[in-house]
Amino acid sequence: MKRKTIKNTVEISGIGLHKGEEIKLALKSNGQESDEQGIIFKRVDVADKNNIVKVDYRNLFDLERGTNIRNEDDVKVHTIEHFLSALSVTGITDILVEISGNELPILDGSSAGFVEKLLEAEIVELESEIEPVVIKEPVIFSDEKAGKYVMALPYDNFKISYTIDFNHSFLKSQYFEIEVNLENYMENIARCRTFAFDYEIEFLKKNNLALGGSLENAVVVGADGPLNPEGLRYPDEFVRHKILDIVGDLYVLGRPLQAHIIAIKAGHYVNSRLTEMIAKKYF
């Protein structure tokens, strides 16, 4: 299949989830004239060191609360998973992202805004080809002590089956399965927001995290349900958002994936371990 980029430059701005700062993005073509293919971030606020950070599984770090990358000069870009999810479903393999800070804007906590902007920018094919990663035998990562599992199985297309399970009075177990393509994703996944439990908020703020978080960009779950006045967008919005995340986390590979992904209580770290195992086996 052909590599793809965007034809027109588009801009996005918004608050970063963890630091609460205003972030501006300029999404630009990374086409034939580019020296380096792939998904490239350029920290325009950094002048005294290498400000180019490439999406690559070897550049991942600190995956407890999000998906983050850094370069050899320790220049970082945080919380890239929702944007990568949007790139994955739109098929964009090559893009330059000029960013004014160290994390992406959270927007409304979903990926819908990113998908809309990418489509607005007009997706175009490049001359060069890209080979999808075709899983030919099971690749499995498990953390048995925590009860977390994720695996990639051979499959003709791209499917995700996801189970979450929380020891919580309101949010317990949810399951969702989807054939991942743009139409299904926009209908079932793109609008699903990130979430946190109310008892986590104080801890996060004390640790200088989620400083930009609010009911405008996340679902906050209390003992009896969401604290957001408008409620949920889907009854199972939580597990659907986890699918949004894993689509983005797997796109750290930078190539389309042909596999059936089964995830149980996974998260960014667990997803990254599967990504690393796939990369080492197939790259």
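Quick notes
- Within the range 168-208, the residues that satisfy the criterion of being among the charged types (D, E, K, R), surrounded by fewer than 18 Cβ atoms within 10 Å (Cβ to Cβ) and closer than 21 Å to residue 88 by Cβ are 177, 179, 183, 187.
- When 89, 115, 97, 53 are checked against the criterion of being on the phi < 0 side of the Ramachandran plot, open to solvent by less than 40 Å² (accessible area, probe 1.4 Å) and free of Cβ contacts under 8 Å to residues at least 60 places away in the same chain, a single residue qualifies: 53.
- Scanning the range 136-167 for residues that are of a type in the set (Ser, Thr, Tyr) and either open to solvent by less than 30 Å² (accessible area, probe 1.4 Å) or assigned to a strand (DSSP E or B) (or both) turns up 142, 149, 161, 162, 163.
- Residue in the range 64-81 that is part of a helix (DSSP H, G or I) and farther than 21 Å from residue 7 by Cα present: yes
- Matching residues in the range 168-200 - criterion: being part of a loop (DSSP other than H, G, I, E, B) and more than 17 Å from residue 248 (Cα to Cα): 168, 169, 170, 171, 172
- In the range 209-224, the residues that are under 14 Å from residue 18 (Cα atoms) and either open to solvent by less than 40 Å² (accessible area, probe 1.4 Å) or part of a strand (DSSP E or B) (or both): 210, 212, 213, 217, 218
- If the condition is being within 19 Å of residue 186 (Cβ to Cβ), out of contact with any helix residue (DSSP H, G or I) (no Cβ under 8 Å at 6 or more places or on another chain) and outside any helix (DSSP H, G or I), then the range 231-255 contributes 232, 233, 235, 236.
- The lone exception for residue 263 - which of (1) open to solvent by less than 10 Å² (accessible area, probe 1.4 Å); (2) touching a helix residue (DSSP H, G or I) at 6+ places or on another chain (Cβ under 7 Å); (3) closer than 24 Å to residue 40 by Cα; (4) of a type outside the set (Val, Ile, Thr) it fails: (3)
The values are calculated or read from the model by the stated rules, or taken from the named source; none is laboratory data. Remember, predicted model here, so these are calculated numbers, not experimental data. A quick note on method: Cβ atoms are made from the backbone with ideal geometry, for glycine too, and the neighbour counts reach across all protein chains shown. Remember, those area values only see protein heavy atoms, side chains included, never the ligands or the DNA or RNA. Shrake-Rupley method; radii C 1.70, N 1.55, O 1.52, S 1.80 Å.
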